[in-house]
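Undergrad: Got a structure here, written out as structure tokens. Questions coming.
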Amino acid sequence: MDFIRQQKRVIFTHDKDFLIIASRTSDHPGIVYCKQTTRSLGEIMKVWF
């Protein structure tokens, strides 16, 4: 988390543990969570870019 704070980056993850981290603090640029079986990485990237 320190790295993403310093770099002002967003984390994209399938790991539910990051939802716990996000609920405990807002001291991060952003955490994007997507259930692994919901969408492919390609589909998600098309939405972002």
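Nothing in this text is a laboratory measurement; each read-out follows from the coordinates by a stated rule. Keep in mind the model is a prediction, meaning the values are calculated, not measured. A quick note on method: Cβ atoms are made from the backbone with ideal geometry, for glycine too, and the neighbour counts reach across all protein chains shown.
Undergrad: Taking Cα pairs under 8 Å and at least six residues apart, what relative contact order does the chain come out at, in percent?
TA: Rounded, it is 38 percent for the chain.
Undergrad: What are the ³J(HN,Hα) values, in whole Hz, obtained from phi via the Karplus relation 6.51 cos²θ - 1.76 cosθ + 1.60 with θ = phi - 60°, for each residue of region 24-40 in sequence order, with x given for Gly and Pro?
TA: Listing the rounded values in order: 8, 8, 10, 7, 7, x, x, 10, 10, 10, 9, 4, 4, 8, 7, 9, 7 Hz.
Undergrad: What percent of all Cα-Cα pairs in region 10-49 falls in each 5 Å bin, counting up from 0?
TA: Reading upward from the zero bin: 6, 22, 31, 21, 14, 7.
Undergrad: Now a separate question. Between Ile21 and Thr38, what length comes free when the chain is fully extended (0.36 nm per residue of separation minus the Cα-Cα distance, one decimal in nm)?
TA: 4.0 nm
Undergrad: Only counting other Cβ atoms within 10 Å, I'd like Asp15, Asp2 sorted with the fewest neighbours first.
TA: Asp2, Asp15
Undergrad: Charges at C-beta only: +1 for Lys and Arg, -1 for Asp and Glu. How large is the resulting dipole of region 2-48 about its Cα centre, in Debye rounded to 20?
TA: My answer is approximately 120 debye.
Undergrad: Further question on the same structure: Could you derive backbone 3J(HN,Hα) for region 8-22 from the dihedral phi with the Karplus parameters 6.51, -1.76 and 1.60 (θ = phi - 60°), listing whole Hz in sequence and x where the residue is Gly or Pro?
TA: Coupling constants for region 8-22: 6, 10, 10, 9, 9, 8, 9, 8, 4, 4, 5, 5, 5, 4, 4 Hz.
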